[in-house]
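Before any comments, here is the structure.
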Amino acid sequence: MDWYMMNCELLATCSALGYLEGEVYHREPDCLESVKDLIRYLRHEDETRDIRQQLGAAQILQNDLLPILVQYPQDKVLFDAVIRLMVNLTQPALLCFGKVPSDATSRHHFLQVLSYLQAYKEAFASEKVFGVLSEKLYDLLQLDWEQRQDEDMLLIERILLLVRNVLHIPPDPTEEQGVDGDASVHDRVLWALHMSGMDDLLKFLASAQVEQQWALHVLEIISLMFRDQSAEELAALGQGQAAAEHGEDIQELETLRQRELAEKRARALQRPSRHSRFGGSYVLQGLKAIGDRDVIFHKGLHNLKSYSHDMGKETRRVPRRRQAAPETETPRRSARNVRLFLRCFCQDFLESCYNRLMLLVKDQLVREKAQQHDETYYLWATAFFMAFNRRRGFRPELVSETVSVRAFHFIEQNLTTYYEMALMDKKEAATWARRMHLALKAYQELLRTVQEMDRSPEQAVRDSSQVIKSNIFYLMEYRELFLTLFRKFDETKQPRSFLRDLVETAHLFLRMLERFCQGRSSLVVQSKRVRKKKKKPRAPAAIAPQPPSTAELEELWAGLVPQLQACLQGEVPLPEDVVPFDAASETPVEEQRTEALLQIQGCLRGARAPQALRLLRSARDIWPEGDVFGTPDTGPPEEMQLLREILFAPLPGHAPPKTEELEEDEEEEEEEEEETVQVSEKEFNFLDYLKRFACAPVVRALVVLLRGYARNSPHTNHCAARLLHRLARDLHMEALLFQLSLFTLFHRLLNDPAAGAYQELVALAKFILGKFFALAATNKKAFVELLFWKSPLAIREMTEGYGSLQDGEGAGRSRVPPWTPQQEQELRELYWKYKEVEGEDIIATILAHLPAPGRTRRQVVKQLVRLGLASSAKDFPRERKGTRIVLWTPEQEEELTRLFEEFQGSEDVLGNIMRHLTARRSRARVVEKLLGLGLVSERKELYKKRRRKGHVPVPGAAGTPALPAQDSSAEDSDGEEEDEDGDEAEEGPMDEHWTPEEGAGQGLAHRLHQEGLAGPLQWLENCLRRTAEDRQVDGVSHPVPLVPLSEENEDAMEDRRFWALLRQLGLRPPSNEQESFWRIPAAITPQQLRRMATSIAHHHHSPPGSPQGPLEPPRCPQDPAPAEQLPARLGSGSDSESEEPVPVPNPARPGTKRQREFDSEDEDDGSLGMELAPAAPRSWEDEDKDEDLQPRGRRKRVRRLEEEEEEEG
């Protein structure tokens, strides 16, 4: 920017500062006012930072401000103003713009300001400037606290900020392209700082007791001083390591030379002995070109190995969002004299300042006295100085402040916070990744320091190391940290250096943990398990409590009369804060008057007489019309009478919320989850922990790191190879590494001329390739498996056979039967057959025609997608409940009329109609249509005519043959699935006056036991006996839900054959949408429950006819812990089996034993010889066991709702 482009006022102000003549600067009389004007201009600059750019173009700082600072330090006011102006001019560009601008114009201004800052930094590389600053700072620090003024404190802070700003300016990559060892601008600034004695002042500020408020400023300056340095290199400097550094350079050059010689040798071997002026053309048989012909090769045969179809193609451009994250800092070696000065600074800092400064900084961070993200300086200092101490004659007492369990916890907390923020704040993910890298390096250095303490000759140091390791290995957060970082590694957000440090730290942690476990017979660690529980849906509108009787109200009024008389006589003051009317409420005035009556009645019934009287008088003033609250001249006797009438009046309660609103609230609450963390202890197994690393994300990250094996250090390659070796050899999961990306890397490694320098990687590659080709000899699909990242289950299938998981005891997919080729062909035929049928659910139709084994809707949809018959599961949406309104056609009405006339005289009119009706209808819809057609006048005409219990023959009794099983089977398959909701909606709950007969359910339980339901039967028996014991001890009966907590019991509770057994035992199904589980009614006595348990246990424990007493059943999953169990023996009192059943009235179902109700034949007690109906296909929400990610409670509710298919009109 030229001078003629500057603002006129700004140009005049700069001219009034003074002029430089040779080495002497002559200031103008208005120099101080001009400096203050420049500060004022900077305060009002625009978003492009125009004033800052103009001052930078005019080089005001180099030509005016620095000469004024150097030549007029005695002018305190001018010196203070110049320092203020320079602090403003040198502040970081990121601080000026907030962030790196994305648009081109703003980015241009940003880069312009950055270039001016780099010019400022070069001007500050002067011993004179830092000499003046050091002298001024020294004079200020010599003052006692009583003598220091506020201006002195501000000047100290501004000098420190100025030094911080100058050191913070990044280098210019175009200007600093020298080799390692050259003095850069940053090195020259550091040398000027050292020569001026500023470094000694910084050490004084870090160690002085009275200067602790500058702790964070000092730490920030020190971190910027060592920005380009390596702690290991500084520690090795001056210990006879110059020759070692020279040797490393020679070794690196020798490696490059060997690589070059190997390449020359390979080219020489490929060159033919006889020169040919014509290379010739060759046909590569078996290698197809773009067409169907073989490739024609027009070069010499020595170039054949390098042939590829990709030759000549342009490299595809990688989108910016997929490019690898750039490295934040490039390592550079400073000039030797600068490194020697920094090494001495580190030694002095560790011996006199480190522990105290880190304690002060940690205290300010914990108390939140620091600025945001200042903890990054603490993390850097922890990693840098602990590494320096470890490499420079390890002395643990010098870093004792940061070697503790508290330090591990602080770093782990910050690392977890950065990790979570990187996932949430996508725009600033790269910034959070840099902070995460700092925390990871601090964590790595802590582990290395603890490892070094194990090697200490002092026993106290080794004991301290054992204490720290026992604490960090005990807590689960430290063990799970590396797994989390591996799984969430993203090379587009996190640089390659982060992955390098992550692999090295994980390798170190695993090695320390393995050695810690080897010295102990057993290791107990903490385990945390997060359980997600669905919040219970809100209960329906609570049933209004029964109003008190007249006698109770009379008794209550007798107690209120003395209180009211005392209030009317003025002995008891009336409250003033009771208001019956809210003018700001949206409730209409008339409704508020009704609510006022309810409030008065509530106060009276709550024995709050003063509030009731105050409400009555206030309401009389607000609503004088109608004399509802009395007339204006109402006296005390009339008020007493009015309050008595309000107390005894049957006022309506508050209206319950609408059903739709309740349902919406319940759905919202069902989505909410409650997370509970269960903390327990378990014995640690190192191999089980190592198996957690056997996953695709870990292997993928290791492959990404090993792609640059030539650039990696030998230690990095060793750590990566050792991790892969642990997974392949220690866990016997060689197939986990059968991946094409890794094999491509192995191919490049084995063909590398300098492969001799990577013997460990070469040995690993040969081992893995040998295992792969050995497996490929028996498994021809192994070559296809190379294309996919694999899980442990896939590895097991590859090595043991692809059908091994179906028979494996731990396979989650063992319950899902495989699709045979015949079943797949049948599925295709059914799909094409019913694809064009309109108005029907194609999946439901296919399920109805599929033979055994029964398939779920999800299994069929997934298989259709696998076969390519559908693109996704969205092609088969499930019809939402209640949205399909099917009208009755005239033919259906005629069929219903005909069936009604046919079965009008039968015992179960409705049941027979439902079984013979062609169109599927719910019982409620059929009843409504019969009423609408006028075939019946009231619902009770359709009630089923029941027989007396005493005349019902017991199956299996002498001389009473059992009924054929086919009858109930037809009923189950025809009507039960669609009748449940209709039955419950029309009839109400089951008749709980009904009591189970002696031996009810024995035959059905025996058949279920033979068909493999022994486990659920044992669970049901256990629940019945437990409930009987609880009711006998507590003396109180409540409905007890049967909650299945295992997969086997859940499957049984969805089996209609098991439902039939529950009905025979007298258990009650869910009555409405608010209930999800079957219940043991409250009216069943303990004796009846024991008799029911004995009836199913008889066939469960032994064949029919063998005598056996009741045994102690195993504890039910929902039973209390053993410490909470009752002392009484389960099933005690076998004489209860011979007791006569005692009819107990049940409040859940009104009516007598002979009451008639809507029911199907399978619920009739006369039809006891029923056949087990086949299990209906499970619903869409009944997911496969290996893919079921929903909590069991919600899955159970969803299954229940989906299976109760009722067509709502």
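General remarks:
- Residue-normalised accessible area of the range 707-772, expressed per residue, 1.4 Å probe, Å²: 43 Å²
- Cα-based shape type of the range 435-522, given that a ≥ b ≥ c are square roots of the gyration tensor eigenvalues and the cut on a/c is 1.5: prolate
- Computed from backbone phi, the HN-Hα couplings of the range 152-157 come to 5, 5, 5, 5, 4, 5 Hz, rounded to whole numbers (Karplus: 6.51 cos²θ - 1.76 cosθ + 1.60, θ = phi - 60°; Gly and Pro given as x).
- Residue ranges 893-905, 605-617, 392-404 sort as 605-617, 392-404, 893-905 when ordered by packing (mean number of other C-beta atoms within 10 Å per residue, highest first).
- Most to least packed among 754-764, 417-427 [average Cβ atoms within 10 Å]: 754-764, 417-427
- Probe 1.4 Å, all protein chains present, accessible-area order of Ser871, Ser1071, largest first: Ser871, Ser1071
- Accessible surface, the range 1-150, averaged per residue in Å² (probe 1.4 Å): 52 Å²
- Taking all protein chains as shown and a probe of 1.4 angstrom, Trp380 keeps an accessible surface of around 40 Å².
- Heavy-atom accessible surface of the range 405-468: percent carbon and sulfur, 1.4 Å: 54 percent
- Segment Ala1014-Arg898, extension gain: residue separation times 0.36 nm, minus the distance between their alpha carbons: 37.2 nm
- Accessible surface for Met1053 stands near 10 Å², nearest 10, in the context of the full protein assembly shown (1.4 Å probe).
- Scanning residues 5 or more positions from Val1040 or on other chains, those with amide H under 5 Å from its amide H are Ile1080, with H placed 1.01 Å from N in the peptide plane.
- Distance between the pseudo-spin-label points of Glu1047 and Glu314 (7 Å out from Cα toward the beta carbon): 5.4 nm.
- Extended-chain gain in nm, criterion 0.36 nm per residue less alpha-carbon gap, Lys299 and Ser549: 79.0 nm
- Surface composition of the range 1010-1064: carbon and sulfur atoms hold 49% of the protein heavy-atom accessible area at a 1.4 Å probe.
- Centre separation in Å (Cα based) which lies between the range 1050-1084 and the range 182-220: 79 Å
- Taking each residue as 0.36 nm, the span from Thr431 to Glu23 lengthens on full extension beyond its C-alpha to C-alpha distance by 142.4 nm.
- Separation in nanometres of the label points that stand 7 Å from Cα toward Cβ, at Val70 and Glu252: 3.7 nm
- Subset of Lys528/Lys682; Lys790/Lys874; Lys362/Lys426; Lys99/Lys369; Lys362/Lys469 violating a 18 Å alpha-carbon distance limit: Lys790/Lys874; Lys362/Lys426; Lys99/Lys369; Lys362/Lys469
- Listed pairs Lys441/Lys691; Lys493/Lys780; Lys780/Lys833; Lys493/Lys691; Lys203/Lys493 exceeding 29 Å between Cα atoms: Lys493/Lys780; Lys780/Lys833; Lys203/Lys493
- Electrostatic bookkeeping for Leu475 treats Lys and Arg as +1 and Asp and Glu as -1; over the other residues with beta carbon under 10 Å from its beta carbon, the sum is -1.
- Solvent-accessible area of Arg158, all protein chains in place: 50 Å² (probe radius 1.4 Å, heavy atoms, ligands and nucleic acids excluded).
The values are calculated or read from the model by the stated rules, or taken from the named source; none is laboratory data. It should be emphasised that the depicted structure is a prediction, and the values quoted were computed from it without experimental measurement. Note: ideal-geometry Cβ built from the backbone for every residue, glycine included; neighbour counts use all protein chains shown. These area figures cover heavy atoms from the full protein model, side chains too; ligands, DNA and RNA do not enter into them. Shrake-Rupley method; radii C 1.70, N 1.55, O 1.52, S 1.80 Å.
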